Each structure stands twice: as C-alpha cells, then as structure tokens.
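The values are calculated or read from the model by the stated rules, or taken from the named source; none is laboratory data. Here the structure is a predicted model, which is why all the values come from computation and not from measurement. Glycine also receives a Cβ, built like all others from the backbone with ideal geometry; neighbour counts cover every protein chain displayed.
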Amino acid sequence: MFRLSILLILTVCMYAGLWSAGFVWDDIPLIVQNQAIADGAVGPLFTSDLWADSGAGEVSSGYYRPLVLLSFALDRWLFDLNPMGYHFHSLGWHLLAVVGLYRLCREFIGVDAAFVAATVFAVHPVQSEVVSWIAARNDLMAAALGFLALSLVWKEGQTSAAQWLGSMLLTLMACLSKETALLLPVLLITADVARNRRVGLWTRVSAPLLGVILVVGLRVWLGIGGSTLPSAGGWLLFVQSGLHWLGIMGSAFLSPWPISSARDLSWISLTPTPQIFAGIFFWLFLCFIAWIAAGERRRIVIMGMVWVCVLLGLTVVPTADKGGFGDRFLYWPMSGLAVIVGVTCASWWRTFVPALLIPAAIVLYVRMPDWQNDRALWGAAVRDVPTPTNELSLGHALTLHSRHKRAHVNFVSALAGEGMDVEACAPIVGSAMRAGLSQHAFRMGVWAQGRGCTESGVFNGWMATAAAMTGDWGLAQKWSEAEPADPKGRSRVVQAAIARRKGDLERYAEIEKTWLGERPLDVQVGALIGRDGLDPLER
C-alpha cells in the first residue's frame, strides 16, 4: 500500500495544472448554464435526460446519468462557479478508480503486477482528457464505482450477503453514472474464465447483473435511451472509416502525443498515414504478446485484450451516433491494457515505472494549459488535428471572447479546405459583421455560397443585414424575404427598416406588433438606417 500511496501523490502532482483550469466545451451548458443544477432540485436529475435542463436547448441525448448531475449539483453548492473545486472533485474520482483497479489486479496477478497496472491507468497521458474535462466525470465515477463493485465479488468461493448487496448497489450507482458500467458482468465473467475459477461464479455475477437489470428497467420506465441509436448514415460513415478509427485509437494507446484533441469521423481521412500504421502495429503487437505468452499469463493477457475490445467496442455506438470521438473513449479500455502491461512487466517494475512516470509527467505538464479555457482547448485541437470542425469550434470560442476578426479567420478555414463544415456558413458572415466589416461580410457570404453553402435562416438574416449596412436595400429586401426566415429576427429588422424608409407605417406597425426580441425594434431599425449612432449588432 506504501507504493500505491506514493503513486496517488505523484498523480495529484502531475495534474497540479488543473488548479488553474476553467470550464470548457460541454462544461458550459451542462454545468454553468444547467438550470436544474443551479436550482439544487434533486428530483429532476433522476427523471430526465442528461441534457434536459442544460443550456444547450432542447437536446435529447439518450444518456441517463443522474449521479453525475448530482455530483455537479453538490459542486455548485460547495464551490459555486469556481472551477478549481470541480477539478479537485473529478481528480478524487480518478484516484478512487486507480485504487479500485489495483484491488482487482492484486487478487490475481500479484502485488508487483498490480502496481504496474495501477501506474499505467493512473498516469498514462491519454487519460488526461477525462480527468481534466469536468463534463467527462461520468467515466471517472462509473469506473471507480464499477471496479469497487467487482472487487466485492472478485474472490472465488463463498460471497457474503453484505458483499453481494454491496456489489449490486455499487453496480447500480456505476450504471447511473455512465452506460459503460452495463458491461460489468461481462468483465467479471471474462476474468473468472481467465483464472479458471468456477466456484460460485453465477452467484457472484448475479450481483452486478441485477444492478444492470434495475438500471435498464428504470431507463425503459422513464423513456430514456432511444436517441442513442445511430442512424443508417452514421453506421455507414463508421464502417467506411473503421480502419482509420482503429488506427487512431491504437496510436493513442501507443503514444501520448497529441492529447486533448477532438476528432470527427467526417475528417478522419486527414489523419497522417504513419499514425494509422502505428495504431495498427499496436493491435498486432498485442496479439503477438498473447501468442508468445504461456499458461495462466496467456489467459490473463487474452482477458485484458477482451476488456480492451469490449469496452472500446461499446464506444462505437456514440461514435457512429454523434460522429465525434476522442481520448475520453479510452479511459475504461485502458484498464484492460493496464492488466496486460502489468502481467508482462511485473518482474522489472523498478525499471518500467520510472520509465513511464517521467515522460508522462513531462507531457501532462506541457498539455495541462490546454484546459484553461475554450480558446486554449480548441487552439490545441486545431494545432494537433486541423480539421474544419475544429476550426469552427475555435471560431465559436473566440466569438465568446469578442475576438471577431480572429474568429472570422477560423470560420474561413472551416470552409476553405478540401472538406468543409457547413456549420461555418452563417458564422463566416456574422463574424465579419460583428467586426464591423459589412462589405466584406456580404462578399464572404457570396463566396461561401460558391463553396456550396446552402441558405439557412441565420445565414439569410446576416446577409440581409450586411446588404442593408452597405446601403444596397434591394439586395437587403431579397435576402430578408428568403426562406427560411432568420430565427434571430434579423430579417424582420431589415424588413421593418425597409418599411420605415419607404414610409409604409402600416407595414412597420404590423412587424412591431409581432416583435418578440429582447431589444426594442425601433432602436434597432433606427440604428440600421442611420438615424442614430447605435450599433445595430448590439443585441
């Protein structure tokens, strides 16, 4: 336990950079803007979708993770919106998961091998996305609770009623943290097969299995989960990208660089070929290790490979559904790899552990600043994986900080390459408008159309406003009447301005009567047609 305690202390030191990290990415809508968390009401957390009350609007993710939301609510009560407390809480769950995995490994591969496995799981840099990203705490909680649940029924033979009940309850809690824990019975069965243990197997498996059944029944009763199934197009895209995906995931296990990168199936072909080959080599190397191993060691290596494949295979569903994937999907599969490395390197752990700790500490020290804010995170993503989607995300992050000219550059990059992210079509006009470049905004809108952008409500509204700001009221009218209408109301402001310029007071009164915007219509119209000095974009 002394070595494990030192490992936990070193892990905390390696993640010291998190104390200056902030809220990033999904942290904003899921935590900062989540009304249910702000209200402190527990009931809604257990009866609705993960994203039901978030700041992302009406989103049905199909994820049911009430215990994670409850942990965020606790943080909100303790720390308000100070992110340091949230990060400290998340790191605590990671340390608990390390302890849980160590307890499992110690029982069947020995103390030295367990220490090696715990070290790999604790400090491998690929784990940093889950540890550093508050919104990814679901993996930390589910793994910690899940490993502890297995540890209570891990030993062969008689299982006490208290152990059985504890395993069932911990499994229930793990599944209420993230869906990956639904595989806990499978992990227990494969481990027993690898150890040639049969006595009391089904009695022990029944504890986590009942926990899984209860959670599945609760999800069905609440009607949560259907939207997690990918569409036919999503499955087709994944099949087409399968080899690249396998290579990327394998290379992430093999190499700690780059980390903190967001990837998308749509741009997976842009991945450098050497990286794909390195990943494929990794999978072949695992098979080679299993082939040269003998006896019980071979069975344990195969068990680790099964854990890696099963746990990584489960991530195929959200990848095909959402299109995005990243290092966070490797947190649970790392436990299987840790078992393989532990049983393989146990005899020379004194050399292996320092050889892993030193480079891991360097990489984490260099990359922890990526999590300070959205600009740093997406800047790292663009640097490491320069896809159109990452360019778009960096542009949005810069927009939140009113760096509109710099954001405009990223929106242009999202459309200018071999591939393009059509979500940048409207922002490319809007960012130029916010920067005060009306003529340039309209020209870029025309250019975006030439690149293949189709008309959308927001795009139409920005083009109408840009034309009006440049004095071309004919084009302004054309764009303001284009369908679909701008949900932000910019098209109606332009229409009202046209009516006011023409002296059509009846039409103006009709628009004003149905106006629902937060800022008075008269003020915006007056600014748009130059009757006062107000900025029409201040909305």
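Looking at this structure, is S167 free of Cβ contacts under 8 Å to residues at least 60 places away in the same chain, within 30 Å of W378 (Cα to Cα), in contact with a helix residue (DSSP H, G or I) (Cβ under 6 Å, 6 or more places away or on another chain) and surrounded by 16 or more Cβ atoms within 10 Å (Cβ to Cβ)?
On the way: free of Cβ contacts under 8 Å to residues at least 60 places away in the same chain: yes; within 30 Å of W378 (Cα to Cα): no; in contact with a helix residue (DSSP H, G or I) (Cβ under 6 Å, 6 or more places away or on another chain): yes; surrounded by 16 or more Cβ atoms within 10 Å (Cβ to Cβ): yes.
It is false that S167 is free of Cβ contacts under 8 Å to residues at least 60 places away in the same chain, within 30 Å of W378 (Cα to Cα), in contact with a helix residue (DSSP H, G or I) (Cβ under 6 Å, 6 or more places away or on another chain) and surrounded by 16 or more Cβ atoms within 10 Å (Cβ to Cβ).
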When residues of segment 21-66 are limited to those that are closer than 24 Å to L172 by Cα and among the aromatic types (F, W, Y), the one modelled with the lowest pLDDT: W51
Residues that are buried (at least 22 other Cβ atoms within 10 Å of the Cβ), under 15 Å from V525 (Cβ atoms) and among the hydrophobic types (A, V, I, L, M, F, W, C), drawn from segment 470-515: A476, V493, V494, A496, A497, I498
Enumeration of residues in segment 287-302 that are buried (at least 20 other Cβ atoms within 10 Å of the Cβ) and free of Cβ contacts under 8 Å to residues at least 60 places away in the same chain: V301
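Please return the ranges of helices (runs of 4 or more DSSP H) entirely within segment 11-109 where 2 or more residues are within 19 Å of the chain's Cα centre (by Cα). Step through it out loud before you land on a result.
Working: elements: 35-39, 66-79, 83-108.
Hits in segment 11-109: 66-79, 83-108.
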Residue match in segment 326-334 (condition: of a type in the set (S, T, Y), touching an Asp or Glu at 6+ places or on another chain (Cβ under 7 Å) and not assigned by TED's automatic domain parsing to the domain that holds N390): yes
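Go through segment 371-388 residue by residue and tally those that are touching a Ser or Thr at 6+ places or on another chain (Cβ under 7 Å) and either surrounded by fewer than 19 Cβ atoms within 10 Å (Cβ to Cβ) or assigned to a helix (DSSP H, G or I) (or both).
First, pick out the residues of segment 371-388 that are touching a Ser or Thr at 6+ places or on another chain (Cβ under 7 Å): 371-372, 377-378, 380-381, 384-385.
Filter again for either surrounded by fewer than 19 Cβ atoms within 10 Å (Cβ to Cβ) or assigned to a helix (DSSP H, G or I) (or both), leaving 371-372, 377-378, 380-381, 384.
Qualifying residue count for the region: 7.
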Residue count, segment 240-256 (criterion: under 21 Å from E391 (Cβ atoms) and either polar (S, T, N, Q) or free of Cβ contacts under 8 Å to residues at least 12 places away in the same chain (or both)): 1
H94 being surrounded by 15 or more Cβ atoms within 10 Å (Cβ to Cβ), closer than 17 Å to W133 by Cβ, free of Cβ contacts under 8 Å to residues at least 60 places away in the same chain and out of contact with any Pro (no Cβ under 9 Å at 6 or more places or on another chain): no
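Could you say which residue among L74, L18, L70, L81 is buried (at least 21 other Cβ atoms within 10 Å of the Cβ), outside the structural domain of K322 (by TED's automatic domain parsing) and either small (G, A, S) or modelled with pLDDT of 85 or more (or both)? Reasoning before the result, please.
Details: L74 fails: buried (at least 21 other Cβ atoms within 10 Å of the Cβ); L70 fails: buried (at least 21 other Cβ atoms within 10 Å of the Cβ); L81 fails: buried (at least 21 other Cβ atoms within 10 Å of the Cβ).
Going through L74, L18, L70, L81 in turn, the sole match is L18.
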Long-range neighbours under 8 Å by Cβ, at least six apart or interchain, first residue over 25 Å from L392 (Cβ atoms) within segment 362-377, second β-branched (V, I, T): V363/I259; L364/V123
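Tally up the residues in segment 476-488 that are out of contact with any Lys or Arg (no Cβ under 9 Å at 6 or more places or on another chain) and either in contact (Cβ under 8 Å) with a residue 24 or more places away in the chain or within 13 Å of V429 (Cβ to Cβ) (or both), please. Break it down stepwise before answering.
Restricting attention to segment 476-488, the residues satisfying the condition of being out of contact with any Lys or Arg (no Cβ under 9 Å at 6 or more places or on another chain) are 476-479, 481-484, 487.
Narrowing further to those that are either in contact (Cβ under 8 Å) with a residue 24 or more places away in the chain or within 13 Å of V429 (Cβ to Cβ) (or both): 479, 482-484, 487.
So the answer is 5.
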Per-region count, segment 418-442, residues in a helix (DSSP H, G or I) and either of a type outside the set (F, W, Y) or closer than 28 Å to Q372 by Cα (or both): 17
Test: residue in segment 257-268 that is out of contact with any Lys or Arg (no Cβ under 8 Å at 6 or more places or on another chain), free of Cβ contacts under 8 Å to residues at least 60 places away in the same chain, surrounded by 18 or more Cβ atoms within 10 Å (Cβ to Cβ) and farther than 30 Å from W378 by Cα: no
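Quick one: is L415 part of a helix (DSSP H, G or I), at pLDDT 90 or above and farther than 23 Å from F23 by Cβ?
In short, yes.
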Close pairs from segment 122-142: first more than 12 Å from V98 (Cα to Cα), partner in a helix (DSSP H, G or I) and aromatic (F, W, Y), Cβ under 6 Å, at least 6 apart: S132/W371; I134/Y86
Near pairs, Cβ below 9 angstrom, 6+ apart or cross-chain, from segment 430-442 (buried (at least 18 other Cβ atoms within 10 Å of the Cβ)) to any residue that is small (G, A, S) and not in a helix (DSSP H, G or I): R434/S402; A441/A435
Of all residues making up segment 303-325, the number that are surrounded by fewer than 21 Cβ atoms within 10 Å (Cβ to Cβ) and hydroxyl-bearing (S, T, Y): 1
Residues that are assigned to a helix (DSSP H, G or I) and more than 37 Å from the chain's Cα centre (by Cα), drawn from segment 452-479: A467, A468, M469, W473, G474, L475, A476, Q477, K478
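Return a yes/no flag: does segment 406-419 have any residue that is of a type in the set (F, W, Y) and within 32 Å of the chain's Cα centre (by Cα).
Applying the first criterion (of a type in the set (F, W, Y)) to segment 406-419 yields 411.
In the following step, the residues that additionally are within 32 Å of the chain's Cα centre (by Cα) were identified as 411.
There is at least one residue in segment 406-419 that is of a type in the set (F, W, Y) and within 32 Å of the chain's Cα centre (by Cα).
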